[in-house]
């Protein structure tokens with residue numbers, strides 16, 4: 001049975017909803033685009049919740065003895 | 001569930017926001033190993049009975065990720081190498097409205113995805129902090 005594909009005319013940064021779930025159009029690593037579950041920006045979450053990123057001083061105070069690894 | 005450090009600064013709570021949990025963990029299928037490992041690690045963290053092996057994230061990391069003010073935990077929690085602990089949580093230190101501090105989950109995912117088209121957990125964390133991939 002042939003299945004007709006639904007065409008999405010979307011650009012990077014736009015959101016699409018499939019079965020009640022939001023997906024974001026993002027660039028892939030090959031010059032094209034793909035969709036993936038959206039990631040709500042921290043700034044938006046901070047605004048909603050009344051939170052903010054802690055100061056660098058607080059971070060250093062709490063993390064002075066925490067090691068780095070060779071990753072991100 | 002506080003992040004305890006004997007003799008160090010006061011404990012800081014560790015928070016798993018429902019939206020972040022949905023976007024980071026529940027994007028995996030209900031029976032996927034990644035989701036099961038994340039759930040198990042969260043239960044352990046929330047129980048507060050295990051010393052957590054934190055690592056700092058880099059303000060200027062590989063793959064152009066910039067994660068200042070962030071720390072991470074490998075998952076499963078008790079493992080280290082990428083083969084044994086293929087996943088990671090990334091947390092951002094935040095200040096709450098009551099001026100308290102908390103480690104807030106911002107990303108969960110593979111540390112070193114086998115599929116090169118898959119974004120690793122650090123790229124996901126970068127996107128949440130900066131609104132776009134590095």
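The values are calculated or read from the model by the stated rules, or taken from the named source; none is laboratory data. These numbers come from a predicted model, not from an experiment. Note that each Cβ is placed from the backbone with ideal geometry, even for glycine, and that neighbours are counted across all protein chains shown.
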Legend entry - One residue from A:43, A:51 being modelled with pLDDT of 90 or more and closer than 17 Å to residue B:133 by Cβ: A:43
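Restricting to region B:14-57, name every residue that is assigned to a loop (DSSP other than H, G, I, E, B), closer than 23 Å to residue A:15 by Cβ and modelled with pLDDT of 95 or more.
Initial filter on region B:14-57 (assigned to a loop (DSSP other than H, G, I, E, B)): B:16-17, B:25-32, B:48-54, B:57.
Okay, now just the ones that are also closer than 23 Å to residue A:15 by Cβ, so B:17, B:25-29.
Correct list: B:17, B:25.
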Inset, instruction - Being within 15 Å of residue A:71 (Cβ to Cβ) and at pLDDT 95 or above is the filter here, so list the residues in region B:99-119 that pass it. - result: B:107, B:108, B:109, B:110, B:111, B:112
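Can you find a residue that is surrounded by 16 or more Cβ atoms within 10 Å (Cβ to Cβ), in a loop (DSSP other than H, G, I, E, B) and modelled with pLDDT under 95 anywhere in region B:58-67? Write out each step before concluding.
Let us first name the residues in region B:58-67 that are surrounded by 16 or more Cβ atoms within 10 Å (Cβ to Cβ), namely B:58, B:61, B:65-67.
Now drop any that are not in a loop (DSSP other than H, G, I, E, B), which leaves B:58, B:61, B:65-67.
Within this subset, residues satisfying the condition of being modelled with pLDDT under 95 are B:61.
The answer is yes; a qualifying residue exists.
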Inset, instruction - Would you be able to tell me the number of residues in region B:68-101 that are within 20 Å of residue B:25 (Cα to Cα) and surrounded by 20 or more Cβ atoms within 10 Å (Cβ to Cβ)? - result: 14
Legend entry - Which numbered condition residue B:72 fails, given (1) in contact (Cβ under 8 Å) with a residue 40 or more places away in the chain; (2) under 28 Å from residue A:31 (Cα atoms): (2)
Inset, instruction - State which residue pairs qualify: first residue without any contact (Cβ under 8 Å) to a residue 12 or more places away in the chain and inside region A:15-39, second residue in a strand (DSSP E or B) in any location, beta carbons under 7 Å apart, and separation of 6 or more residues or different chains. - result: A:28/A:34; A:34/A:26
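State whether the residues of region B:71-80 include one that is closer than 22 Å to residue A:56 by Cβ, touching a helix residue (DSSP H, G or I) at 6+ places or on another chain (Cβ under 9 Å) and not in a strand (DSSP E or B). Before you say what the answer is, go through the steps one by one.
So in region B:71-80, the residues closer than 22 Å to residue A:56 by Cβ come out as B:71-73.
From the residues that got through so far, the ones that are touching a helix residue (DSSP H, G or I) at 6+ places or on another chain (Cβ under 9 Å) too are B:71-73.
Filter once more, so that each one left must be not in a strand (DSSP E or B): none.
No, region B:71-80 has no match at all.
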Inset, instruction - Among what's in region B:27-57 and is over 14 Å from the mean Cα position of the chain (by Cα) and within 17 Å of residue B:118 (Cβ to Cβ), pick the residue that is farthest from the other protein chains (Cβ to nearest Cβ). - result: B:33
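Within 16 Å of residue A:59 (Cβ to Cβ), free of Cβ contacts under 8 Å to residues at least 12 places away in the same chain and at the interface with chain A (Cβ under 9 Å from one of its Cβ atoms): which single residue out of B:23, B:116, B:95 fits that description?
Checking each option against the conditions leaves just B:95.
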Legend entry - Among (1) facing chain B (nearest Cβ under 7 Å); (2) surrounded by fewer than 17 Cβ atoms within 10 Å (Cβ to Cβ); (3) touching a strand residue (DSSP E or B) at 6+ places or on another chain (Cβ under 8 Å) - the single one residue A:55 does not satisfy: (1)
Inset, instruction - Could you check, for region A:30-43, whether at least one of its residues is facing chain B (nearest Cβ under 7 Å), under 20 Å from residue B:101 (Cβ atoms) and either in contact with a helix residue (DSSP H, G or I) (Cβ under 7 Å, 6 or more places away or on another chain) or not in a helix (DSSP H, G or I) (or both)? - result: yes
